[in-house]
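Undergrad: Below is a structure I'd like to ask you about.
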């Protein structure tokens, strides 16, 4: 799986995804934008050296000749976590200037799974149009939105839930998602609002 980390706030999603996949059979291919290196350091305290050691393989974002830039390189797909509006817009246009956006473009052209954890708010009309264009191309827009029905008790639980839902898209089950009505002590009948 290719994991892209762009410069949007929310670097914890990409970092945690690498942690979750480290002890699985999934081979991770990491590419990080220049601005993401700053965001990762600021939000998590991790250096590039520490971050790249979490992946099976890592690439420079300028290495457009890397394996992940080619459609002949087999992969289950790609997650961009978090995905900045700039990266999202480049991917949608097909005019890519970095390995991160080139790899995502290749995933789309090869009709593989591309999940974009878009981390921006508020959104204006062009952002929404771009998301629609990407969805029409086959990308899955999956903002990191916490599920409060799971009653998360920590930031880590909220992050894990969002990532677990993304991993569901790739049929990877790590047991980190509290599914609807699976939590202990759940009411057997749904509650209905009274008029």
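Undergrad: Using only alpha carbon pairs under 8 Å that are at least six residues apart, calculate the relative contact order of the chain and give it in whole percent.
TA: Values: 315 pairs, mean separation 38.2, N = 195.
Once divided by the residue count of the chain, the mean separation gives 20 percent.
Undergrad: Now for a different question. Between helix 11-22 and the chain, what is the angle of the helix's C-alpha long axis to the longest principal axis, kept within 0 to 90° and rounded to the nearest 10?
TA: It works out to around 90 degrees.
Undergrad: Can I ask one more? By how many degrees, 0 to 90 and rounded to 10, does the Cα axis of helix 155-168 deviate from the longest principal axis of the chain?
TA: Value to nearest ten degrees: 70.
Undergrad: Is region 2-168 rounded, prolate or oblate when judged by the Cα gyration tensor, a ≥ b ≥ c being the square roots of its eigenvalues, rounded requiring a/c under 1.5 and prolate requiring a/b larger than b/c?
TA: Taking the square roots of the gyration eigenvalues as a ≥ b ≥ c, region 2-168 is rounded.
Undergrad: Using alpha carbons only, how many degrees (0 to 90, rounded to 10) separate the axis of helix 125-137 from the longest principal axis of the chain?
TA: Orientation of helix 125-137: about 80 degrees from the principal axis.
Undergrad: Give me the compactness ratio for region 81-188, meaning the Cα radius of gyration over 2.2 N^0.38 Å. Could the numbers behind the result be given before it?
TA: Working: Rg = 15.8 Å, N = 108, 2.2 N^0.38 = 13.0 Å.
The value comes to 1.21.
Undergrad: While we're looking at this one, here's another question. What translational D, rounded to a whole number of µm²/s, comes out for region 4-52 from Stokes-Einstein when the hydrodynamic radius is the Kirkwood one over Cα pairs, at 20 °C and 1.002 mPa s? Numbers along the way, then the final one.
TA: Working: Rh = 10.8 Å.
Once the numbers are plugged in, D ends up at 198 µm²/s.
Undergrad: While we're here: Which order, highest average first, do 165-177, 31-43 follow once you tally other Cβ atoms within 10 Å for each residue and take the mean per peptide? Before the final figure, lay out the partial values.
TA: Working: 165-177: 15.2, 31-43: 19.1.
Packing order, densest peptide first, comes out as 31-43, 165-177.
Taken together, the values in this text are just the output of simple stated rules run on the coordinates, not laboratory data. Quick caveat: nothing in here was measured; it's all calculated off a predicted structure. Neighbour counts are summed over all protein chains in view; Cβ atoms, including those assigned to glycine, are modelled from backbone coordinates with ideal geometry.
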